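What follows is a single structure, written as structure tokens, with notes after it.
The values are calculated or read from the model by the stated rules, or taken from the named source; none is laboratory data. Treat the numbers as computed from the prediction; the structure is a model and nothing was measured. Note: ideal-geometry Cβ built from the backbone for every residue, glycine included; neighbour counts use all protein chains shown. Protein only, heavy atoms only, side chains kept; ligands, DNA and RNA dropped before computing areas. Shrake-Rupley method; radii C 1.70, N 1.55, O 1.52, S 1.80 Å.
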Amino acid sequence: MPDDLKKVAYYPGCALEGTGHAYNRSTKAVGKELGLELVELKDWNCCGAMEVKNIDPKIQTYLSARNLSIAEDMGFDKVMAPCNGCYHNLKKAEYDLKNDAGSKEVNARLSGKAGHKTYEPGAVETIHALDWIKQAVGEEELEKRVKNSLKGIKVANYYGCMYTRPRHIFPEKDKGPASESTSKPHFMDDILGAAGAENVDFPLKTACCGGAHSLSDSDTSTKLVLNILEAAEACGADVVATECPTCHTGLEMHQMRAEKVLGRKTNVKILYFTQLLGMALGLSAKTVGVQENMSDSRAFLKEKGLG
Amino acid sequence: MTADRPTIDEVVARTDALIRGDRPVADPLAAGDELLAMGEAVLEAWIESRDKDPTDDEVEGFRLLGLHRQGAKGDPSFNACRETCREIVYHRNVIHAETDSALQQRMVRLGAMVVRHLALFVGGKLQEAGLGDFCCSSRPVRQGDGNKNTTGNAAAPV
């Protein structure tokens with residue numbers, strides 16, 4: 001196991017303290033079970049999410065850079081962000097600070113005003129929870145550690161749209177079979193496959209879930225989510241595995257709304273990949289927070305001998 | 001708008017019918033091409049809504065991908081449907097390459113789901129024009145209007 005991945009800085013982001021609490025809980029539990037350590041950033045702030053970025057992208061860059069600066073101050077060269085939005089924003093800040101003089105200037109000025117060190121690009125690498133588990137442990141080791149195989153569970157792995165886009169902020173991707181692909185991501189497939197799951201061929205793994213339209217145009221979001229869920233079922237999936245709290249919440253919420261508003265019911269279960277992996281490693285459904293999900297997968301998991 | 005081009009609502013209705021699959025598609029090869037054509041129609045609607053003429057250029061041999069490239073120019077959030085377009089091409093190609101009839105039928109159905117996703121995505125964006133920048137991909141810092149409210153302005157209250 002690479003030493004620099006055994007203990008990494010942890011940036012949960014706002015969603016993991018709210019609607020994505022089960023993702024937070026299961027990520028920490030899986031890390032502990034695998035002998036990995038997460039050290040949460042002290043006094044972290046919002047990454048700038050979508051809202052700040054829309055108003056002023058340079059402030060978003062500063063907000064994300066401040067988190068990277070904290071990681072550096074704490075002595076880390078890697079920070080793990082399990083939320084796609086946070087992961088994307090921290091990566092984008094890194095890119096902007098390297099390539100845009102205006103962003104660099106604003107970051108330096110605001111950092112000075114706030115009284116902390118100005119983050120210089122290249123000091124800290126942002127990784128996703130998928131990178132962390134895949135690279136720190138790997139499939140071979142995961143296979144050895146599985147106590148309750150996910151055998152017999154068909155999974156559609158849903159990565160969402162921010163994990164791989166835009167391509168230019170992810171220079172480490174698309175570097176051959178061992179690296180992540182921006183067009184056909186596979187790290188979640190690899191990890192859950194090692195835990196025994198049967199990954200189905202799913203054509204909408206990076207399709208938009210309508211997250212940004214959730215409040216302004218709920219009907220569009222509901223239709224997009226319904227299409228994702230119906231496609232997953234058509235591919236034979238029992239479960240849609242997620243790796244982003246926004247996607248996850250959107251899928252759960254609009255699965256219920258589709259039934260209520262459009263009268264279209266889907267039965268596919270929605271679980272964080274860390275919940276599935278945690279249960280495969282022998283953790284209980286409660287430990288990985290299945291009861292905190294909006295959709296109820298407990299009977300299904302029990303039937304499959306998990307949890 | 002081209003007279004014989006299906007509207008986004010018609011694309012959704014047609015894909016719904018293909019997905020329901022009440023009976024097998026008689027000509028899967030034609031259905032594969034129809035998926036591609038419906039994808040092009042959706043992107044043409046998007047491009048025309050931005051007062052541009054849809055391109056005839058191809059990318060990797062497909063006009064659909066050329067249209068996507070054109071549609072995403074100046075609007076990085078449109079890249080959220082890049083892989084969706086590539087999946088349509090993939091499904092069309094598998095339908096043409098496959099000789100197993102059952103698999104062809106399955107790919108027509110899955111391909112229709114992908115086209116429906118594109119239609120819903122673009123339809124949503126057309127309804128909520130302006131929310132594009134709010135979406136996933138970052139507004140490029142190189143883009144002039146991205147700097148309008150920036151703290152680079154000394155008068156900005158930051």
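Excluding A:Glu172 itself, what net charge comes from residues whose Cβ is under 15 Å from its Cβ, given Lys and Arg +1 and Asp and Glu -1? Charge balance near A:Glu172 sits at +2. Rolling a 1.4 Å probe across the protein heavy atoms gives the protein assembly as shown an accessible surface of 40 Å² per residue.
Per q in 0.09, 0.12, 0.13 Å⁻¹, report the Debye log10 I(q)/I(0) for the protein assembly as shown, using one uniform scatterer on each alpha carbon and no solvent. Here log10 of I(q) over I(0) equals -0.59, -1.06, -1.22. Mind jotting down the distance between the C-alpha centroids of region B:1-64 and region A:93-111, whole Å? Centre-to-centre distance over Cα atoms comes out at 42 Å. Evaluated at 4 °C with a viscosity of 1.567 mPa s, what Stokes-Einstein diffusion coefficient in µm²/s does region A:81-184 have when Rh comes from the Kirkwood expression over alpha-carbon pairs? So the translational diffusion coefficient is about 80 µm²/s. Taking region B:99-127 and a reference point 7 angstrom along Cα→Cβ of A:Arg264, the backbone N atoms nearer than 11 Å belong to B:113, B:116-117, B:120. Taking 41 Å as R0, compute the FRET efficiency from the Cβ-Cβ separation of A:Asp4 and B:Lys73 and round it to 0.05. The value I calculate is 0.55. For region A:147-303, a crude dipole built from +1 on the beta carbon of Lys and Arg and -1 on the beta carbon of Asp and Glu, taken about the Cα centre, is about 120 debye to the nearest 20.
Remark: mean inter-chain Cβ contacts per residue of A:200-212 equal 6, using a 10 Å Cβ-Cβ cutoff to other protein chain atoms. Lysine pair count for region A:1-109 with Cα-Cα distance under 18 Å and sequence separation of 8 or more or different chains is 24. When you filter the GluC sites (Glu not before Pro) in region B:11-80 for DSSP loop state and at most 11 other Cβ atoms inside 10 Å of their Cβ, you are left with B:Glu60. Ordering A:Gly31, B:Leu43, A:Ser218 by Cα displacement along the dipole of the protein assembly as shown toward the positive end leaves A:Gly31 in first place; charges were set at the Cβ atoms of Lys, Arg (+1) and Asp, Glu (-1).
Per residue, chain A reaches -13500 deg cm²/dmol at 222 nm when only DSSP H runs of four or more residues are counted, each adding -39500 (n - 2.57).
Taken as Cα centroids, region A:1-34 and region B:67-87 sit 32 Å apart, rounded to the nearest whole angstrom.
Leaving ligands and nucleic acids aside, the A/B contact buries around 3800 square angstrom of accessible area in total at a 1.4 Å probe radius. Here the peptides A:193-202, B:22-31 are ranked by packing, the mean other Cβ count within 10 Å, and the order with the highest first is A:193-202, B:22-31.
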